[in-house]
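I have placed the structure first, in the form of structure tokens, so that the comments after it can refer back to it.
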Amino acid sequence: GHEDRVMSVAFSPDGKRLASGSKDKTLRLWDGETGRAVATLEGHEDKVVSVAFTPDGKRLASGSQDNTIRLWDAETGSAIATLEGHGRWVVSVAFSPDGKRLASGSLDKTVRLWDLETLLAPPDELKRIVEELTGMTLRGIEVVPKEE
């Protein structure tokens, strides 16, 4: 298991995988049925305090006290991208229902919305957030479809 406290957990949408983020700066992927460790994901420079799977379960986002978000391939455990822009800890991450956007909340009192289609493009084409909310301390985020 982890070498320090677990700060966050999330099940994949199909329940077959569980992700955990820890004070040991890692994420771990677990078999959701047997509880066995499947992979250790390393790359954050500080505690991992938030995790979320995309609706299709293929990708994973992690927020950290290193002020970054990392995107991972949930099947292989390989790193996809590092999203930078928050000035303080990223305490919450959530994907939109279509999996095309990621919302992140930070102790810098902002919510940022990331377009994942452009963020996953080659590095010179990375485009950051368009919308930002300020003036609050954020403890959690949930993205829900808008009603028709």
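The values are calculated or read from the model by the stated rules, or taken from the named source; none is laboratory data. Note that the structure is predicted; figures quoted are calculated from it, not measured. FYI the Cβ positions are ideal-geometry reconstructions off the backbone, even for glycines, and counts take in every protein chain you see.
Here is a check on your reading of the model: is S22 free of Cβ contacts under 8 Å to residues at least 12 places away in the same chain and not charged (D, E, K, R)?
Here the answer is no, as S22 does not meet what is asked.
Within the range 76-88, how many residues turn out to be part of a strand (DSSP E or B) and β-branched (V, I, T)?
Number satisfying all stated conditions: 2.
Quick one: I69 ticks every box in (1) out of contact with any Phe, Trp or Tyr (no Cβ under 9 Å at 6 or more places or on another chain); (2) of a type outside the set (K, R); (3) modelled with pLDDT of 90 or more bar one, so which box is it?
Here I69 meets the rest and fails (1).
Residues in the range 40-75 that are surrounded by fewer than 19 Cβ atoms within 10 Å (Cβ to Cβ), outside any loop (DSSP other than H, G, I, E, B) and touching a Gly at 6+ places or on another chain (Cβ under 7 Å): how many?
Within the range 40-75, residues that are surrounded by fewer than 19 Cβ atoms within 10 Å (Cβ to Cβ), outside any loop (DSSP other than H, G, I, E, B) and touching a Gly at 6+ places or on another chain (Cβ under 7 Å) number 0.
Conditions (1) under 17 Å from A103 (Cα atoms); (2) not small (G, A, S), marked per residue:
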site: G21; (1), (2): no, no
site: L27; (1), (2): no, yes
site: T34; (1), (2): no, yes
site: E42; (1), (2): no, yes
site: T68; (1), (2): yes, yes
site: L71; (1), (2): yes, yes
site: V91; (1), (2): yes, yes
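Answer yes or no: is there a residue in the range 36-57 that is more than 24 Å from W114 (Cα to Cα), modelled with pLDDT of 90 or more and acidic (D, E).
The answer is no, given that none of the residues of the range 36-57 is more than 24 Å from W114 (Cα to Cα), modelled with pLDDT of 90 or more and acidic (D, E).
Looking only at the range 28-39, how many residues end up being buried (at least 21 other Cβ atoms within 10 Å of the Cβ) and β-branched (V, I, T)?
0
Among the listed residues L102, L116, which satisfies the condition of being at pLDDT below 95, touching a Lys or Arg at 6+ places or on another chain (Cβ under 7 Å) and crowded, with 16+ Cβ neighbours inside 10 Å?
Testing whether each residue is at pLDDT below 95, touching a Lys or Arg at 6+ places or on another chain (Cβ under 7 Å) and crowded, with 16+ Cβ neighbours inside 10 Å leaves just L116.
Among the listed residues R101, R112, which satisfies the condition of being in contact with a Ser or Thr (Cβ under 9 Å, 6 or more places away or on another chain) and over 16 Å from V6 (Cα atoms)?
R112
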